[in-house]
Amino acid sequence: DGGITQSPKYLFRKEGQNVTLSCEQNLNHDAMYWYRQDPGQGLRLIYYSQIVNDFQKGDIAEGYSVSREKKESFPLTVTSAQKNPTAFYLCASSITASGEQFFGPGTRLTVL
Amino acid sequence: RKEVEQDPGPFNVPEGATVAFNCTYSNSASQSFFWYRQDCRKEPKLLMSVYSSGNEDGRFTAQLNRASQYISLLIRDSKLSDSATYLCVVKSISNFGNEKLTFGTGTRLTIIP
């Protein structure tokens, strides 16, 4: 089955800890994205990558880091510097940077 | 002013009724427009693109008014399964020259039996 997977579905972490969210796609898409969604707000872009070994900051990159060592993988690290990390995190991919974006099922992160 | 604005709702509509959502956008250079559907605690999925001439997909009709900078979504003969949040999405060129999607906050629709 082709698609985008994110794990875990629910994640709890203590304040002050870094945590890495996984995003994998087997669609052979070049571009991948990370968004966060908060109640009452639209999705906001954290980081994106148009091609392997390259990535760019989105609108709210502070406190986050990413890597794109493989085409199919785009992990997001939420660092302790992120002041309000509790949110629903969505990964997406598109065949090119201009193509339709397909979303993974999301990871709901709660910081205790 | 938000780049993309939607009425958050909720819209509680009886089954079989027609419901319409509007969305306004602030960037007059925006290129493409979409409606996404998001079920509770799930990921957004593309419902339909919005074309300048207006377009229809079954019970769903999308319209674009570039002069007034708004797009609309009409759902006819609403079904219980239409209950979801509908996200207005606008594609434009960012300050860095790449394409970016801007999402509205979504309009929540509940169809009542």
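Can you pull out the strands (runs of 3 or more DSSP E) entirely within chain A that have at least 1 residues that are within 14 Å of another protein chain (Cβ to nearest Cβ) and crowded, with 18+ Cβ neighbours inside 10 Å? Write out each step before concluding.
Values: elements: A:4-7, A:10-13, A:19-25, A:31-37, A:44-51, A:54-57, A:64-66, A:76-78, A:87-94, A:107-111.
Ranges flagged: A:4-7, A:19-25, A:31-37, A:44-51, A:54-57, A:87-94, A:107-111.
Between a residue in region B:1-19 that is touching a residue at least 24 places away in the same chain (Cβ under 8 Å) and closer than 13 Å to residue B:88 by Cα and any residue that is assigned to a loop (DSSP other than H, G, I, E, B) and not small (Gly, Ala, Ser), which pairs come within a Cβ distance under 7 Å, given they are 6 or more apart or on different chains?
B:3/B:27; B:6/B:105; B:8/B:105
Read-outs: derived from the displayed coordinates by stated rules, not from any lab. Every value quoted in this text rests on a predicted model; they were computed, and no experiment measured them. As a convention, Cβ positions derive from the backbone with ideal geometry for all residues, glycine included, and neighbour counts pool all protein chains shown.
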